[in-house]
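What follows is calculated from the coordinates using simple rules that are stated; it is not laboratory data. Model, not experiment: these values are computed from the prediction. We place every Cβ from the backbone using ideal geometry, glycine too, and count neighbours over all the protein chains shown.
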Amino acid sequence: MVTTTSAPSRAASGKVSFAAAAEAHLDDVHAYLVYMTGDRNLAEELTAATFERALRIWRRFDPRRASAKTWLCQIARSSALDHFRSEDRRRRREGAYVATEPREAEERSLTEGLSPELEHALRGLSAADREVIALRVLLELDGPAVARLLGISSTACSTRLNRALQRLEEEMRDAVPA
Amino acid sequence: MPSLPDPAIDERYEKLAALVRASKPRASAELRERVLTLVPPEPGPRTARFHLGWRPSLVLVPAALVAIVAGVAIVGTRGVTGDADVVSQPTVSKQFENEDRDAAVPQQALPLEGARAGEADRSAPSAALPPSRTRAQNFRAELRVRVRDLTELSRATARAMRVARSLGGYVVLAQYEAPGGKEGDSVLVVRVPVQKVQTAILRFAELGTIVGQQIRIEDLQRTINRQTESIQALRRTVATFERELERTDLTAEERARLRQRLLRANDALRNGLHSRSATTQQAATARISLTLTTRTNVEPVVPEQPGYFERTVRDAASALSKVLAWALAVLIVAGPFLVLLAVGVALERSRRRRADERLLERA
């Protein structure tokens, strides 16, 4: 096992090594980014970028403030938002051409093993809805942690989750072939 | 089917949540390898860096602030009592603290009341406070002396005038009033050579009971230095003009203009010399205002002699109050800006969060 901090200091702070955290939460971060972006390839790129960034600032991670999973998701969110912002700027720059450009991501499946109904339903949701579902349902983070991560209150987080699940259910119903 | 771990998730969506969890995306082997190769080899214990993080700053920053305030207080305290070596009596240290400085605070005054004539050597401290021998000073003293009756008042007035003259001084003002025939006042303003001021005060104190005393010293050395520099500069200017006028290649117009300037420079030089002479003369004599009175309603008060510790505490408190006043002033001035900054930061964060939410809604 490789570590970036010495064993005594780790033991004192209860901090796991970066390698251990990466090993344990790679799937979580990847799944979160897949849901958030709706694009497997992009999610892989952002996952790698997230871990690169996390490695650079690993010494700032404090397990008393948040779990490694929450901390990594926070960085992943920041990476995804940076990407969305730059995409938004690019689209505005390129104007009408990009508006008519077909999005490659929409042609691919989100992930293997996903039922067509669920995939269709997820695609019908906004990134914000997919995000809260990923955090609360898929990654099973608790409400307060997700609320902190999203920068909203716990109540708003709960409301947002219920609405997202409701929409997902409606989309699922619509996706069932008559 | 496993139940949802958090009761905040509505039970209606249990089935849906299970479906979502069952198809959780997994990272590909390539991604896993890519991420795990990012991890650098484990550094040995020697290479582990000692990192304190930001928390120590919570202690260090206030400690530094306290140290700065304490330092300023100590410096302030030293600024008030620092030149104790030049003070012959600790009780009146304030008057003479700037004696050998450039008189950053040119005037200091300390009222001392209640010294008795019979105890002049001990309780008339001004007598033991010599004017500076190295710096020019404007030395002023005010004495209020009580005498027994009108006869004594008349005698003491005449004696005070004689004392002033015998010391090489002169009477500037003499005013004697005894309207009711029972009680009266005599006001004398004398100027004596500054070297004799101690003797004069001692002699005046012997005329009766001192009921009030105030000494004021204003440093004039800086003024004289400034005047001297100005005079030297004017002399150089005059010399330059005179040299210029000796040239033969000047036109009549240039020569006339130079003469005008030379005249003006000479006038300024004369004025400067006159001012310096007046300042020097002012420093040569001390002004003593002596009030002799028969009135008994003014009770002599034994002067308090604060100890070293008390004076230190007082000075420290004074310096600290000045620091606090400055800090308060800075806070009052900077306060609205800090509030605006905090509001701006909060608004910016709120705007950014809303923008992110909109972005995610669109994505």
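For region B:160-281, a crude dipole built from +1 on the beta carbon of Lys and Arg and -1 on the beta carbon of Asp and Glu, taken about the Cα centre, is about 260 debye to the nearest 20. If we count every other residue with Cβ under 10 angstrom of A:H30's Cβ, Lys/Arg +1 and Asp/Glu -1, where does the sum land? Around A:H30, the charge tally is +1. Extension gain, B:E177 to B:E206: 0.36 nm times the residue separation minus the Cα-Cα distance gives 8.3 nm.
Centroid-to-centroid, using Cα positions, region A:28-100 and region B:132-181 are 92 Å apart. Neighbours of B:S57 by Cβ distance under 15 Å: Lys/Arg scored +1, Asp/Glu scored -1, total +1. Each of A:D174, A:D88 was scored by other Cβ atoms within 10 Å of its Cβ. Arranged with the fewest first, they read A:D174, A:D88.
About the centre of its Cα atoms, region A:17-175 shows a dipole size close to 980 debye [charges on the beta carbon of Lys, Arg (+1) and Asp, Glu (-1) only; nearest 20 debye]. Applying 1/(1 + (r/R0)^6) with r as the Cβ-Cβ distance of A:N41 and B:S57 and R0 = 51 angstrom yields a FRET efficiency of 0.75. Other residues within the sphere of radius under 13 Å centred on the Cβ of B:V345, judged by their own Cβ, net out at +3 (K and R +1, D and E -1). Each of A:W71, B:W326 has some number of other Cβ atoms within 10 Å of its Cβ, and from fewest to most they run B:W326, A:W71. Each of B:K182, B:K196 has some number of other Cβ atoms within 10 Å of its Cβ, and from fewest to most they run B:K182, B:K196. When you filter the GluC sites (Glu not before Pro) in region B:227-300 for DSSP loop state and at most 13 other Cβ atoms inside 10 Å of their Cβ, you are left with B:E246. Please work out whether region A:17-175 counts as rounded, prolate or oblate from its C-alpha gyration tensor, where a ≥ b ≥ c are the square roots of the eigenvalues and a/c under 1.5 means rounded, while otherwise a/b larger than b/c means prolate and anything else oblate? The shape class here is oblate.
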